[in-house]
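Beneath this line is the structure, given in structure tokens, with notes to follow.
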Amino acid sequence: MTNRALIREFLPLAGITTSAFVFNSSEFMPIGLLTDIGASFGTSEAQTGMLVTIYAWAVMLLSLPLMIAATRIAFRKLLLLVLVVFLIGQAASACAPSFGALMLGRLVVACAHSVFWAIAAPIAVRVVAPNHQALALSAIQVGTAVALVAGLPLGRSIGVLLGWRLTFACVGAITALLILYMARVMPPVSGAEKFEIRQLGSLFKNKALVAIFVLTILYSLGYYTAYSYIEPFLAQVARFSSAEITLALCVFGVMGFVASVIYAKCYSRFRFPFIVLVLVGISIALLGLEAFAAFLPTILAACALWGLASASYSVSIQAEVIRVTPVEEQTVAMAIFSGLFNLGIGTGAFLGGHVVDTIGIEGIGIVGGILTAAGLAFCVLVLIPQLKRQAR
């Protein structure tokens, strides 16, 4: 392949990777700013956590219908439209005069999110040569990792120093530049095949795909029961300072980089052990979270394991969705995957808030860990056998 062809692949892929960074930074920004946002509007931690819950539930409800409607739009035009809607939502969030207005702004962002994560992986593998598709999926994970190592901690730092509104405004400014960049470098890419509602029946006859969906609900529900309240947990249980909390969030992101490298080198050769080890890691990190919080080195080690496992899960399971789904159904399958993942995020944040209000914030790891351990058992007993049968 010539250098010019490589550049033609790299430039749009870099834009998609940056988009993944921006979307992930925005989605989880309230997690790092729960205390400050709550102080602005006089809401409790559990009430402020509803920003995460309602956002995720909106993505869950909107992903499938919006993606089905969007299958009539070419991918290039659709991606630019999604970025424009995302920018509008960021501006509305930054200017919100009330908690309700902030929630409305977040719902506009959720509309863009609903479509972006359904098309990100399919676009990424289309703008590169077939032998670079694993690299393309890893690049999306790099965008996610950068969001965790730089986006979320940087957003928290801006919020602490200058106010949470400026954090949303900064994301909006980056999005405006990204729109201009993608309009310049994004090549024409054929859109998804037109998809009708009646085709959902055949999609859900795919047993391996359905098993992935079930595992994703269990995993995301357990993960976000704990992660949605990681900031107050580190402050109240681990007794971390503001700087130490930011450090812990950076550890999550750094391990996301490590996960992308491990995935690129190992996943194609060790698919099933890779997925199992990921779920073992996240279960250990969550079940032992309160005990690990007794010492700075152990809680940072738990955050490292947590970040490594979560990043590895995301990229490997998206690869499995693409692997087990026919090309003409991939974007809708990814929309359902994104919707169900966000069902877990929203319900996990809601459940985590209930745990905080009843058991106490120290219980979020145990409750989340039980759910991810259930996902591990389901993976071993149901998902992997289904994937093996489909491969025959």
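The values are calculated or read from the model by the stated rules, or taken from the named source; none is laboratory data. Worth saying up front: this structure is predicted, and the values here are computed from it rather than measured. We place every Cβ from the backbone using ideal geometry, glycine too, and count neighbours over all the protein chains shown. The area values use the complete protein model at the heavy-atom level, side chains included, leaving out ligands, DNA and RNA. Shrake-Rupley method; radii C 1.70, N 1.55, O 1.52, S 1.80 Å.
Below, the figures for the structure above:
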quantity: Which listed residue is closer than 30 Å to PRO232 by Cβ, out of contact with any Asp or Glu (no Cβ under 6 Å at 6 or more places or on another chain), at pLDDT below 80 and assigned to a helix (DSSP H, G or I), from VAL52, VAL22; calculated: VAL52
quantity: Residue in region 174-186 that is under 24 Å from ALA69 (Cβ atoms), part of a helix (DSSP H, G or I), open to solvent by 40 Å² or more (accessible area, probe 1.4 Å) and modelled with pLDDT under 90 present; calculated: no
quantity: Residue that is nearest to ILE158 (Cα to Cα), among those in region 15-46 that are surrounded by fewer than 19 Cβ atoms within 10 Å (Cβ to Cβ) and free of Cβ contacts under 8 Å to residues at least 60 places away in the same chain; calculated: ALA39
quantity: Near pairs, Cβ below 6 angstrom, 6+ apart or cross-chain, from region 212-240 (open to solvent by 10 Å² or more (accessible area, probe 1.4 Å)) to any residue that is in a helix (DSSP H, G or I) and small (Gly, Ala, Ser); calculated: ILE217/GLY344; LEU218/ALA374; LEU218/GLY375; LEU221/GLY344; LEU221/GLY348; TYR224/GLY348; TYR224/ALA349; GLU231/GLY32
quantity: Filter result for ALA150 (open to solvent by less than 60 Å² (accessible area, probe 1.4 Å) and either under 26 Å from ILE245 (Cα atoms) or at pLDDT below 75 (or both)); calculated: yes
quantity: Whichever residue in region 251-265 is small (Gly, Ala, Ser) and under 28 Å from THR298 (Cβ atoms) and, among such residues, is surrounded by the fewest Cβ atoms within 10 Å (Cβ to Cβ); calculated: GLY253
quantity: Unique residue being open to solvent by 20 Å² or more (accessible area, probe 1.4 Å) and outside any helix (DSSP H, G or I) when the list is SER314, SER268; calculated: SER268
